[in-house]
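Here's the structure, in structure tokens; my notes come after.
The values are calculated or read from the model by the stated rules, or taken from the named source; none is laboratory data. Please read these numbers as outputs of a predicted model, since none were measured by experiment. Cβ placement follows ideal geometry from the backbone for every residue including glycine, while neighbour counts extend to all protein chains displayed.
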Amino acid sequence: MNILEQLGVKVEPVDQSWITKAVGRQNSLTKPPGSLGTLEEIACRMAGIQETLSPRADRKRIVIFAADHGVTEEGVSPYPTEVTAQMVANFLRGGAAINAIATAAGAEVIVVDIGVKSPIPTVDDSRAKIQFIRKPVRSGTRNFTKEAALTETEALAAITLGYEIAKQSKRTRVNLIGLGEMGIGNTTAAAAITAALTGLSPVNVTGRGTGADDEILAKKRSIVSNGIRIHEADLKDPFSILRVFGGLEIAGLVGLCLGAAAARMAIMIDGFITTAAAALAVRLCPASLGYMFAGHLSAEPGHLALLQMLQLSPMLDLRMRLGEGTGAALAMNLMEAALACFRDMATFDDAGVSGKHELAKEAVH
């Protein structure tokens, strides 16, 4: 049994009997059954994950994996690779969108250098207490138009790091973990992964990423199409797809998903790149899907394709395409509201309110 199989067997499917119990409680609360719509589904799934009728998401964490991509040599992004390192420094200073939104959501932020190529600027003026883990597997991936982005050893090392961070999160009693990423060029890698997983045309799953103009978009689509063609014989399983296209931050997120599921922690997916990682994790370990929630729908075209493949409905659709874990952090507030209703609303019996069937009986008599 290889390491991936070992990680996968540790994930237990969510116990459906707990979801059934949660549905029973939902139907006893002082509201028409089903009237809170998706909020009820969210709460029932969380009750199943945590195996309790008092589910909570009060210890939230966003883990941002940062890494660079060799495919940026092909001009697939309007931004230089140095921006990855600069944005990591911005996270550590507390100056990015994810810092603001995570604060509003009451979530802590952890930043992981798993493969940043450029030197990360020194941060002396941090306005936020951000945990920084610096464990690069290598300085960015290789250019997948010329060779596989990662070796088997490198991909496994990145997955293992993500898994270990999930285990550490469980030890500190985190009960909701959000996926975040930073890496110039990673929408190109995610598009290639999406095309390989779904079988859809690269043209239909490759978007503008960080604001690519028409010329760069055409180049991205060509690069993804050529990557699929060049490596077609090697794209035989999810691990091979990850190894061929990268990136290290995506591999780290795969490990984080597997580790969180094994620890019975709920997983809040963010946008396109994190959903590509989640989809790979599900292909490696189908039981991990039961622990996943889709935070939002990105404007990237490949994101909808992945969510449809996973049969996950996004909680929010705000036309966002930033990444960083911002959509996941926003959805955490929605989840807390769903759980508050589930835990704190009175039942018909508690409130002395007649239910629908009781009113019908009274009318007969």
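The number of residues in region 111-134 that are crowded, with 20+ Cβ neighbours inside 10 Å and outside any loop (DSSP other than H, G, I, E, B) comes to 5.
Restricting region 176-200 to residues that are part of a loop (DSSP other than H, G, I, E, B) and in contact with a helix residue (DSSP H, G or I) (Cβ under 7 Å, 6 or more places away or on another chain), the residue that is surrounded by the fewest Cβ atoms within 10 Å (Cβ to Cβ) is LEU200. Taking the criterion of being part of a loop (DSSP other than H, G, I, E, B) and surrounded by fewer than 16 Cβ atoms within 10 Å (Cβ to Cβ), the residues of region 202-239 that qualify are GLY211, ASP213, LYS236, ASP237. Listed residues ILE177, ILE216, ILE165, ILE241; which is out of contact with any strand residue (DSSP E or B) (no Cβ under 8 Å at 6 or more places or on another chain), hydrophobic (A, V, I, L, M, F, W, C) and either in contact (Cβ under 8 Å) with a residue 60 or more places away in the chain or at positive phi (or both)? From the options ILE177, ILE216, ILE165, ILE241, the qualifying one is ILE216. Here region 1-18 is the region considered, the condition is being of a type outside the set (S, T, N, Q) and surrounded by fewer than 18 Cβ atoms within 10 Å (Cβ to Cβ), and the residue that is farthest from TYR163 (Cα to Cα) is ASP15. Filtered by the rule that a residue be of a type in the set (A, V, I, L, M, F, W, C) and over 26 Å from the mean Cα position of the chain (by Cα), region 205-243 gives ILE216, ALA218, ILE230, ALA233. Each residue in region 20-53 was checked for being among the acidic types (Asp, Glu) and in a strand (DSSP E or B), and 0 of them qualify. Taken across region 54-67, residues that are assigned to a helix (DSSP H, G or I) and not acidic (Asp, Glu) do not occur at all. Counting residues in region 3-13 that are of a type outside the set (D, E, K, R), closer than 17 Å to PHE293 by Cβ, more than 19 Å from the chain's Cα centre (by Cα) and modelled with pLDDT of 95 or more gives zero.
Taken over region 300-322, the residue count meeting the criterion of being under 27 Å from CYS285 (Cα atoms) and modelled with pLDDT under 95 is 0.
Sub-6 Å Cβ pairs linking a first residue in region 98-111 that is over 15 Å from THR172 (Cβ atoms) to a second residue that is among the hydroxyl-bearing types (Ser, Thr, Tyr), at least 6 apart or interchain, are ILE98/THR326; ILE101/THR326, ordered by first then second residue.
Scanning region 224-240 for residues that are of a type in the set (Val, Ile, Thr) and under 15 Å from HIS69 (Cβ atoms) gives a single hit, VAL224.
The set of residues in region 300-313 being in a loop (DSSP other than H, G, I, E, B) and touching a Gly at 6+ places or on another chain (Cβ under 7 Å) consists of GLU300 alone. Please go through region 60-110 and pick out each residue that is under 18 Å from the mean Cα position of the chain (by Cα) and of a type in the set (Asp, Glu). Selection gives GLU108 alone.
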